[in-house]
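Since every read-out is calculated from the coordinates, none of them should be taken as a lab result. In this text the structure is predicted, and so the values were computed from the model without any measurement. Cβ placement follows ideal geometry from the backbone for every residue including glycine, while neighbour counts extend to all protein chains displayed.
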Number of protein chains: 2
Amino acid sequence: MSRVEIIAVGKEILRGKTLDTNSNWIAQRISALGGKVARITVVDDLIPEIVKELKASLNNRSKVIITTGGIGPTFDDRTLEAVARATRRRLILKQEALNLITQRYRELKQRGFVDSEELTPSRKKMALLPRGSTILPNSVGTAPGIKLSSKGTTIFCLPGVPAEMKAIFEESLVRELQNTIGKQFFQERKVSVDLGDESRLAGVVDQVMRQVSGVYIKSFPSHFGKEVQLPLGITASGNTQKEVEDLLRKAIERLKEELERIGHSLKEFPEE
Amino acid sequence: MSRVEIIAVGKEILRGKTLDTNSNWIAQRISALGGKVARITVVDDLIPEIVKELKASLNNRSKVIITTGGIGPTFDDRTLEAVARATRRRLILKQEALNLITQRYRELKQRGFVDSEELTPSRKKMALLPRGSTILPNSVGTAPGIKLSSKGTTIFCLPGVPAEMKAIFEESLVRELQNTIGKQFFQERKVSVDLGDESRLAGVVDQVMRQVSGVYIKSFPSHFGKEVQLPLGITASGNTQKEVEDLLRKAIERLKEELERIGHSLKEFPEE
């Protein structure tokens, strides 16, 4: 199975101020895609420290390295510079990234979230990417993620803000990872539940994911208020079609049982 | 400031089944003692993987390495063997550890938690320690922790079960760490609060610890039910006596404010 390593960058995790939930979320997601997280490292936002861990991960012949944190506009966002050093590339201003960032700040200005849409040096910095990077658009925040290949390893750099990290992961990484680390068989099933209260649903979903190892359950945000049907996507991967179907069946059964226990129910859709 | 590294051992964290709250707790605790966590690593329970991270931490000239997990009785508990290899020591049966384990299983048998007090090979394994280890008694579980010095680095191996890890940390490590990584000034203040519901108190305490960086607030379990005075211990460290006093003052003020907001209050004791 392909080796995946996660590097979380951030002083706030090392000081104990922030609990690193990102690495746990990514680990769940990678497992459900059929990959294997072999190592998680948390390092300070200092270039030599980040470079050291990146080099160690490259030496471990990881198929994929995912970094979180340190790609924003402030002075202590140094992950991209560290990636450039570890892979011996120059940082270059990427016009495509600059366009995305320009557009994002224009929107934020219009919505009154920032005072000015001016591309200050710190904002411009987010478009300084290691040569050869592919941009992963950030639909939630300002800093785009990047993808970079180096000697058989694919490096993905994602933001540290959980909502931004998850958005880029779902929108760009899932497809990429299915090709690089995924098992042969992969399937997604959609169901819907009559529990519109996402905070209550989260507990049920979390429990089932922990019980049925290798499945991932995603809820699609609903805008119709409470007491409606909420759609869920259940994904699993495996070495045989049967393995995948068994996992999906088991997850759906456990979900049904848990929902019934609290007076709710689950509806299955015909398979696509 | 002295470098501390944490190595969490366990497949369940890498699979995303377990959120690593141990490292976060230790990081908070180390910060409050005046130390600096420079790196957290999560590795699989495979000897070569653990050895590699231990060697990296030793090469980083860490003053202290704290490992969690992998010191129990099962076949995949391999941390002590990895520590022995990384520090080039032999594993030897430590009579003192064997006595503790024997005594513990006798108690567990009397209380009906285990069927037999027999020292099976897997139970005996917990007394196989790298030569030169000092035992850190485990008042909550069966596997004792260990302390080992190697070329200027002190390695502490703790269990992965949070309650056991915390018990050994509080009972043995705090004193040890104050000597090795602590800042010059260290102080503890006791207060009491009229909020006996520890689950509600936990939220308040957690918030204040995140706001006042460098303090640690410990609650002492109370056996008097709800609506009683619950004692809290607030610890801080710093380079000057004033720094420590300011931190303690700030934490107590924030605690008071937060408690008053939910209709409770805090009582200070005269300083010792």
Global geometry of the range A:22-122, whether rounded, prolate or oblate, following the gyration tensor of its Cα atoms and the 1.5 cut on a/c
prolate
Search the structure for amide H atoms under 5 Å from the amide H of residue A:188, placed 1.01 Å from N in the peptide plane, and list their residues when 5 or more places away or on another chain.
none
In order over the range A:150-158: 3J(HN,Hα) from phi, Karplus 6.51/-1.76/1.60, θ = phi - 60°, whole Hz, x for each Gly or Pro, gives 8, 6, x, 10, 9, 9, 10, 10, 10
Measuring from its Cα centre, the range B:185-267 shows a charge dipole (+1 at each Lys and Arg Cβ, -1 at each Asp and Glu Cβ) which, in debye to the nearest 20, is 100
Cα-based convex hull, the protein assembly as shown, per residue volume (Å³, whole number)
197
Quick check on packing: order B:177-189, A:70-82 by the mean number of other C-beta atoms within 10 Å, highest mean leading.
A:70-82, B:177-189
Looking at the axis that maps chain A onto chain B, which chain A residue has the closest Cβ, and how far off is it in Å, rounded to a whole number?
A:41, 3
Is there a simple number for the mean count of other chain Cβ atoms within 10 Å of the Cβ of residues in B:20-28, and what is it?
5
For chain B, give the share of DSSP beta bridges that are antiparallel, in percent and rounded to the nearest 5; count only bridges with both residues there.
60
What are the label-to-label distances in nm, one decimal and shortest first, from residue B:162 to the same spot in the other copies, with labels 7 Å along Cα to Cβ?
1.4
With the Cα gyration tensor of the range B:157-207 giving a ≥ b ≥ c as the square roots of its eigenvalues, does the rule (a/c under 1.5 for rounded; else a/b larger than b/c for prolate; else oblate) give rounded, prolate or oblate?
oblate
Listed residue pairs exceeding 32 Å between alpha carbons, taken from A:256/B:17; A:109/B:17; A:151/B:151; A:55/B:125; A:256/B:52; A:250/B:11
A:109/B:17; A:151/B:151; A:55/B:125; A:256/B:52
Per-residue ellipticity at 222 nm for the protein assembly as shown, helices alone: DSSP H runs ≥ 4 residues times -39500 (n - 2.57), over residue total, nearest 500 deg cm²/dmol?
-12000 deg cm²/dmol
Looking only at the protein assembly as shown, where both bridge partners belong to it, what percent of the DSSP beta bridges are antiparallel (to the nearest 5)?
65
For the range A:1-51 and the range B:152-197, what is the centre-to-centre distance using only Cα atoms, to the nearest Å?
26
Rounded if a/c is under 1.5, else prolate if a/b beats b/c, else oblate: with a ≥ b ≥ c from the C-alpha gyration tensor eigenvalues square-rooted, which is the range B:185-267?
prolate
Could you work out the local net charge near residue A:129, counting Lys and Arg as +1, Asp and Glu as -1, over the other residues with Cβ closer than 11 Å to its Cβ?
+4
homo-copy label distances at residue B:187 (7 angstrom along Cα-Cβ), nm, one dp, ascending, are 6.5
Counting Lys and Arg as +1 and Asp and Glu as -1, each charge on the Cβ, what is the dipole of chain B about the Cα centre in debye, to the nearest 20?
1220
Quick one: B:237, B:139, fewest Cβ neighbours within 10 Å first, how do they rank?
B:139, B:237
Around residue B:202: net Lys/Arg minus Asp/Glu count, Cβ-Cβ under 13 Å
-1
Of the listed peptides B:20-32, A:84-96, what is their order by residue-averaged count of other C-beta atoms within 10 Å, with the highest listed first?
B:20-32, A:84-96
Applied in sequence order to the range B:44-59, the curve 6.51 cos²θ - 1.76 cosθ + 1.60 (Karplus, θ = phi - 60°) yields integer Hz couplings, x standing for Gly and Pro, of 5, 7, 10, 3, x, 5, 5, 4, 4, 6, 4, 5, 4, 5, 5, 5
Note down the net charge around residue B:77, summing +1 for each Lys or Arg and -1 for each Asp or Glu among other residues with Cβ under 12 Å from its Cβ.
+1
Starting from the amide H of residue A:67, placed 1.01 Å from N in the peptide plane, find each other amide H under 5 Å away whose residue is 5 or more places distant or on another chain.
A:7, A:156, A:157, A:158
Gaussian network model of chain A, Cα springs within a sub-10 Å range: biggest mean-square fluctuation belongs to which of A:250, A:151, A:36?
A:151
Suppose you put the label 7 Å out from Cα in the Cβ direction; list, shortest first and in nm with one decimal, how far residue A:202 is from each other copy's label.
1.6
Compute the long axis of helix B:95-110 from its Cα atoms, compare it with the longest principal axis of the Cα atoms of chain B, and write down the angle in degrees, 0 to 90, nearest 10.
70
GNM on chain A, Cα springs under 10 Å; top mean-square fluctuation among A:48, A:121, A:162 goes to A:121
Collect residues whose amide H, placed 1.01 Å from N in the peptide plane, falls under 5 Å from the amide H of residue A:136; neighbours closer than 5 in sequence don't count.
A:145, A:146, A:147
Placing +1 on the Cβ of each Lys and Arg and -1 on the Cβ of each Asp and Glu in the protein assembly as shown, which of B:155, A:203, B:193 has its Cα farthest towards the positive end of the resulting dipole?
B:155
Please turn the phi angles of the range B:134-149 into ³J(HN,Hα) values with the Karplus equation 6.51 cos²θ - 1.76 cosθ + 1.60 (θ = phi - 60°), one per residue in order, whole Hz, x for glycine and proline.
9, 8, 10, x, 10, 7, 10, x, 9, 7, x, x, 9, 10, 8, 9
Averaged over its residues, how many other protein chain Cβ atoms are within 10 Å of peptide B:203-211's Cβ atoms?
1
In peptide A:42-54, how many Cβ atoms from other protein chains are near each Cβ within 10 Å, on average?
2
